[in-house]
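Everything below concerns the one structure shown next.
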Amino acid sequence: MDEQFSVCSEDKQQIRPDYYKRGGIEVWDVIDAWGLDFDLGCALKYIMLAGYKGDAAADDPRKAITYVRHALGKMGARADG
């Protein structure tokens, strides 16, 4: 990793809090392993976070649905084009 972008452990905890490592699996590792695009990656992230961030637990499934709908819209546009 480029030294310019290295992150101290305290900053790393703020950037990647424990709720991003649910079950010992990091959200971005799954996104990378599955080769998900931006929309589906975000949808997965919000599904994995649902209920683990505190007050706004119901917001995460709604956000996931928004990203899935956007992905479906792009897929439909490609199929029509």
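The values are calculated or read from the model by the stated rules, or taken from the named source; none is laboratory data. Computed from a predicted structure; not experimentally measured. Remember, those area values only see protein heavy atoms, side chains included, never the ligands or the DNA or RNA. Shrake-Rupley method; radii C 1.70, N 1.55, O 1.52, S 1.80 Å.
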Global geometry of the stretch 21-70, whether rounded, prolate or oblate, following the gyration tensor of its Cα atoms and the 1.5 cut on a/c: oblate
Sorted by accessible area (1.4 Å probe), largest first, how do 22, 69 line up? 69, 22
